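Okay, so here's the structure we're looking at.
The values are calculated or read from the model by the stated rules, or taken from the named source; none is laboratory data. Just so it is clear, the structure is predicted and the values come from calculations on it, not from any experiment. As a convention, Cβ positions derive from the backbone with ideal geometry for all residues, glycine included, and neighbour counts pool all protein chains shown.
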Amino acid sequence: MSYRRDQRSSRASLFDDIEEGGLRTSSRDIDERDNDKAIDSLHDRVSYLKRLTGDIHEEVESHNRILSQIVRNCLVKLSLSSKVLSYGVH
């Protein structure tokens, strides 16, 4: 007899959340869903910021290479012009 009672109570517990017209949702379930949505939104934002930061890093590296080339070219020209001037002075 107690087996049947346990079986009924376990079967009833399977349907505890069902009411007429659908499932009952607790505020805890709603909070969990809101948290999941917020986490997904944060994940999307973090992913976007990571891509953006990577793009900025690549741009900075590119600018550094260009500036280094400009400096090298200026130093070469300065060196050549100083040599020309020194040869002309003698």
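Identify, from the list Val76, Val89, the residue that is over 18 Å from the mean Cα position of the chain (by Cα), modelled with pLDDT of 80 or more and on the phi < 0 side of the Ramachandran plot. Talk me through it step by step, then tell me what you get.
On the way: Val89 fails: modelled with pLDDT of 80 or more.
The conditions single out Val76.
So for segment 19-32 (the condition being surrounded by 10 or more Cβ atoms within 10 Å (Cβ to Cβ), at pLDDT below 95 and either under 21 Å from the mean Cα position of the chain (by Cα) or hydrophobic (A, V, I, L, M, F, W, C) (or both)), does at least one residue qualify? Don't jump to the end; show me each part of the working.
Step one: of segment 19-32, the residues surrounded by 10 or more Cβ atoms within 10 Å (Cβ to Cβ) are 24-25, 29-32.
Okay, now just the ones that are also at pLDDT below 95, so 24-25, 29-32.
From what's left, either under 21 Å from the mean Cα position of the chain (by Cα) or hydrophobic (A, V, I, L, M, F, W, C) (or both): 30.
Checking segment 19-32: at least one residue is surrounded by 10 or more Cβ atoms within 10 Å (Cβ to Cβ), at pLDDT below 95 and either under 21 Å from the mean Cα position of the chain (by Cα) or hydrophobic (A, V, I, L, M, F, W, C) (or both).
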